[in-house]
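Read the structure below first, then the notes.
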Amino acid sequence: MLVAAALGVAAAVIWWSGATLAQDSVALARVELQPLAGSLESAKAFGADGKRIPISAHGGRLVPRTLLAPGEKVSVVVVVRRPGWLGWALGRDRTERLTLKTPEAVPTGRWLTVPTGSPLRVRFTEHVAKLAYAHQVVSTHGARVVSLGQQAPSGTLEVASAARSWERLGPRVRVTWFPKSQLPVVLTTPAPTHRIPPRTPIRLTFSQPIKALGDDKPRFSSDVKGSWHAADSHTLVFIPSGYGFPFASRVQLQLPRAFAVSTPSKTTAAHAIEWNVAGASFLRVQQLLAEGGYLPVSWAPAKDPVPRELTAQLDAAVSPPDGTFSWRYANTPPELHRLWAPAQPNDITRGAVMMFEDEHGLDVDGIVGPRVWHALLEDAVAGKRRDDGYSYVYVHRNVPQKLTLWHNGSTVLTSPGNTGVPVAPTQLGTFPVFEHIPIGTMSGTNPDGSHYNDPGIRWISYFHGGDALHAFNRASFGTPQSLGCVELPLDAAAKVWPYTPIGTLVTIED
């Protein structure tokens, strides 16, 4: 009987001297000591990498003194000092260990339907201590369902949450909400009808899983290079490739059936969605031509150069970077100076475009269409530059008439020449060379109505209608004698011709 009583007393002592270490709903962990357990000697926590995590003990709760990540693996070790008499019997210290993961609070659903006029409510897998969304961090006081207030009828927010106040915010999670509708709802990014750059990804988020679409995928009404991929179970993304959507075009996406297309302002039933593609900037044409060596001016960006990558170059075509144009040569003729105007159409730019078209095997029309843009962008990505220099020809009609050839900052040649007679004068103005041939036949109508046909004319550069720079056999030069052309002695014409490829500007002035 005495033995049984003794054993009972021993069991009670052991029971009342117990200590437990467990995860806590508020703190990282909780230590519970029975009345005879003694006192907490030490408490330590370690990360998965073995690095010490500073913690504080308050009323048996162990709280980190530094922010931990949600889902982080932590090991906790506590040492309990037993009372002297019990320590003599059971050992001085008792050690308890616990391995745990910090709690994670994530939305239970990422695609929500919100009735008209109702606030946006997000339910989480855990009680939430704090939440970040829309550039703000709010305390949620341990709520499981968090109201984000009144929002637009549809939209997307990224939320980041922490289940405990001593945790860092977790990864951002995209939450999308849709209005109630009889039709399945789709949200688009960018919004319909918005102005978009050519390589803009098109993102479609559906209220139903995309597997409900079956094999019927959205398709563009015109051929656009690119590919579709599923970003998640409700989202399709189209990534344009190559040059993307054409500049200044309207892109239409055909949906496989009727959807409620929702924007922050309205929801409309539709079978198709449209966007407007931004047009390219004339200023960027000039910047690229200057970088490519086709202009008498150079261009320097105010900040970092546009990367030699197609998407960056396409974006710059729509929104040109800031920068400065400057003349490449100190002694540029004043006639040429007067022709230049940044960000505005002018003869210098038109001539440069024609020269660029000719050198790239394109139709020479001086118009910057899609093929010219593609070639400009290809050269920009490749860093290709023309190194033949810049030429300019100006002709004075006042007697004695003369032609001046200027190239790369120097006057290469000055020669007497003949312009048109009074009944067929050479037109005043500036014109780019549009045809450049070493020998040909020139024909036309004389002022008296008769016709002429002159074969074997050498070193011809046509610049305005039938007017051209060319060699011609005359007894004298320096007075009006032609029918609109600028006639030159053979030696002078031979020297001028290599400097006047297609696009070279010719100015006729008094």
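The values are calculated or read from the model by the stated rules, or taken from the named source; none is laboratory data. As the structure is a prediction and not an experimental result, all values here were calculated from the model. Every residue, glycine among them, receives a Cβ derived from its backbone with ideal geometry; neighbour counts consider all protein chains shown. We work out accessible area using only protein heavy atoms, side chains counted, and drop any ligands, DNA or RNA first. Shrake-Rupley method; radii C 1.70, N 1.55, O 1.52, S 1.80 Å.
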* Asked: Could you give the angle, 0 to 90 degrees to the nearest 10, between helix 347-359's Cα long axis and the longest principal axis of the Cα atoms of the chain?
  -> 80
* Remind me, relative contact order of the chain in percent, using alpha carbon pairs under 8 angstrom and six or more residues apart? -> 8
* Asked: For segment 313-370, what is the largest minus smallest coordinate of the Cα atoms on each principal axis, given in angstrom and ordered from greatest to least?
  -> 35, 28, 17
* **Alpha-carbon radius of gyration plus Dmax, which is the widest Cα pair, for segment 309-453 in Å** => 19.1, 60
* **Volume per residue that the Cα convex hull of segment 381-510 spans, once the total is divided by residue count, Å³** => 115
* Pairs Lys303/Lys384; Lys130/Lys217; Lys101/Lys180; Lys130/Lys303: which are spaced more than 31 Å apart, C-alpha to C-alpha? -> Lys130/Lys217; Lys101/Lys180; Lys130/Lys303
* To do: Kindly report the accessible area of the chain per residue (heavy atoms of protein chains, probe 1.4 Å, no ligands, DNA or RNA), in Å².
  => 50
* To do: Along each of the three principal axes of the Cα atoms of segment 26-174, give the extent in whole Å, ordering the values from largest to smallest.
  => 71, 32, 21
* Asked: How big is the gap, in Å, between the Cα center of segment 195-243 and the Cα center of segment 325-403?
  -> 41
* Using Cα atoms only, what is the angle between the long axis of helix 282-291 and the major principal axis of the chain, expressed in degrees (0 to 90) to the nearest 10? -> 80
* Structure fact -> Non-local residues with an amide H under 5 Å from the amide H of His194, with H modelled 1.01 Å from N and Pro and chain starts lacking one, are Asn276
* Structure fact -> Taking alpha-carbon centroids only, segment 291-317 lies from segment 139-176 a number of Å equal to 42
* **Which of Asp467, Asp388, Asp347 is most accessible, then next, and so on - probe 1.4 Å** => Asp388, Asp347, Asp467
* Asked: What whole number of Å gives the distance from the Cα centroid of segment 54-75 to the Cα centroid of segment 450-506?
  -> 91
* Structure fact -> Rounded to whole Å, √(5λ) for the Cα gyration tensor eigenvalues of the chain, largest first, gives 84, 29, 16
* **segment 47-172, relative contact order [Cα under 8 Å, separation at least 6], %** => 23
* What number, rounded to the nearest 500 deg cm²/dmol, is the helix-based mean residue ellipticity at 222 nm of the chain, given -39500 (n - 2.57) per DSSP H run of at least four residues and division by all its residues? -> -4500 deg cm²/dmol
* If all Cα-Cα distances of segment 278-351 are sorted into 10 Å bins from 0 onward, what percent lands in each bin, rounded to whole numbers? -> 18, 53, 24, 5
* To do: Report, in degrees rounded to the nearest 10, the 0 to 90 angle that the Cα long axis of helix 2-16 makes with the longest principal axis of the chain.
  => 30
* Structure fact -> Over all Cα pairs of segment 183-333, the Kirkwood radius sets Rh, and Rg/Rh then becomes 1.14
* To do: Taking each pair of different alpha-carbon atoms in segment 185-249 once, compute 1/r for the pair, average those values, and report the inverse of that mean as the Kirkwood hydrodynamic radius in Å to one decimal.
  => 12.6
* To do: Would you tally the net charge around Val297, using a Cβ to Cβ cut-off of less than 13 Å, leaving Val297 out, and scoring K and R as +1, D and E as -1?
  => 0
* Asked: For the chain, which whole-number percentage of the solvent-accessible area (1.4 Å probe, protein heavy atoms only) is attributable to carbon and sulfur atoms?
  -> 53
* **Only Lys, Arg (+1) and Asp, Glu (-1) charged, at Cβ; segment 383-510 dipole about Cα centre in debye** => 340
* Asked: Percent of alpha carbon pairs in segment 130-234 separated by more than 17 Å?
  -> 65
